[in-house]
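Below you'll find the structure, written out as structure tokens, and then a few comments.
The values are calculated or read from the model by the stated rules, or taken from the named source; none is laboratory data. As the structure is a prediction and not an experimental result, all values here were calculated from the model. Quick reminder, even Gly has a Cβ in these numbers, built from the backbone with ideal geometry, and neighbours come from all protein chains shown. Heavy atoms of the whole protein, side chains included, go into the accessibility calculation; ligands, DNA and RNA do not. Shrake-Rupley method; radii C 1.70, N 1.55, O 1.52, S 1.80 Å.
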Amino acid sequence: MNERILIVEDEAKIADILCDYLAREGYATHRLQRGDEVLPWLRGHAVDLVLLDLMLPGVSGLEICRELRASGLAGNAAIIMTTARIEESDRLLGLELGADDYICKPFSPREVVARVKAVLRRTRPNAGGRTGLELDLERWQASWHGRDLGLTAIEFRLLKQMVDQPGRIFSREQLMDAMHGTDRIVADRTVDSHIKKIRRKIAEVAPEAELIRSVYGVGYKYAPE
Ligand code: CA
């Protein structure tokens, strides 16, 4: 599935160019011209990244950024602010309000594409098998549509091992190695109990999602529908 980018930009020419370049890179784009259109639109649509102009008619980019983060409306979508204002205080305010990056105008479309890629790489390390599950490798945090699953380090490592290769069946032996390295002293059944806990934690926030399947007699696989 293509990553979805919402472009909020009141200058039609800039919006055109950004749409073109990002579409060419395989992103699905949507554009809005006014600040006050953003929140209503996001109530009905999910996106992976918002390219947000700072100076907008209606509501300012900073205000939108603040509201998106406060309301959780954009989930954990990344936000890149774009602006002609270059005061450091604005830049810092944007980042404080939850923007992931900041691009000063005038920019080259290529630069924007590069920054979009970098931010998505950083914020969605496993975008390939997207299901709503996100693994934050910096914080060792797994979340479902932005809700932290509260995994322990070992559970995180176990889940990551499977998520990295969706559909592959892992034996308990292999999962054990992923959890502990080669010097392990625990019994194979602990894999089962860890998997059970991970499943329970996923079920708490997403009862309908069956992400980890048991493969009888062999082990487990990560197989989101
Ligand atoms: Ca503007």
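Test each condition in (1) assigned by TED's automatic domain parsing to the domain that holds Lys196; (2) loosely packed, with under 15 Cβ neighbours inside 10 Å; (3) in a loop (DSSP other than H, G, I, E, B); (4) on the phi < 0 side of the Ramachandran plot for Glu173 and report the one that comes out false.
(3)
Which residues, counting only those in region 89-108, are within 16 Å of the ligand (Cβ to nearest atom) and either open to solvent by less than 60 Å² (accessible area, probe 1.4 Å) or not assigned by TED's automatic domain parsing to the domain that holds Cys19 (or both)?
Hits for region 89-108 are Asp90, Gly94, Ala99, Tyr102, Ile103, Cys104, Lys105, Phe107.
Take the residues of region 76-88 that are of a type outside the set (A, V, I, L, M) and either at pLDDT 75 or above or assigned to a loop (DSSP other than H, G, I, E, B) (or both): which is farthest from the ligand (Cβ to nearest atom)?
The selected residue is Asn76.
Which ranges mark the helices (runs of 4 or more DSSP H) fully within region 1-74 that have 2 or more residues being more than 14 Å from the ligand (Cβ to nearest atom), touching a residue at least 60 places away in the same chain (Cβ under 8 Å) and more than 16 Å from the chain's Cα centre (by Cα)?
12-24
What residue, among those in region 192-210 that are hydrophobic (A, V, I, L, M, F, W, C) and at pLDDT below 90, is least open to solvent (accessible area, probe 1.4 Å)?
My answer is Ala206.
Somewhere in region 58-67, is a residue crowded, with 21+ Cβ neighbours inside 10 Å, under 17 Å from Phe107 (Cβ atoms) and at pLDDT below 95?
So far as region 58-67 goes, yes, one or more of its residues are crowded, with 21+ Cβ neighbours inside 10 Å, under 17 Å from Phe107 (Cβ atoms) and at pLDDT below 95.
(1) within 18 Å of the chain's Cα centre (by Cα); (2) hydrophobic (A, V, I, L, M, F, W, C); (3) closer than 16 Å to Val191 by Cβ; (4) part of a strand (DSSP E or B): which one isn't true of Ala142, the others all being true?
(3)
Please count how many residues of region 75-88 are open to solvent by less than 80 Å² (accessible area, probe 1.4 Å) and of a type outside the set (Val, Ile, Thr).
Of the residues in region 75-88, 6 are open to solvent by less than 80 Å² (accessible area, probe 1.4 Å) and of a type outside the set (Val, Ile, Thr).
Only residues that are small (Gly, Ala, Ser) and surrounded by 13 or more Cβ atoms within 10 Å (Cβ to Cβ): list them for region 14-42, please.
Ala15, Ala23, Ala28, Gly35
Kindly list the number of the only condition in (1) in a helix (DSSP H, G or I); (2) within 14 Å of the ligand (Cβ to nearest atom); (3) touching a residue at least 60 places away in the same chain (Cβ under 8 Å) that fails for Val112.
Every listed condition holds for Val112 apart from (2).
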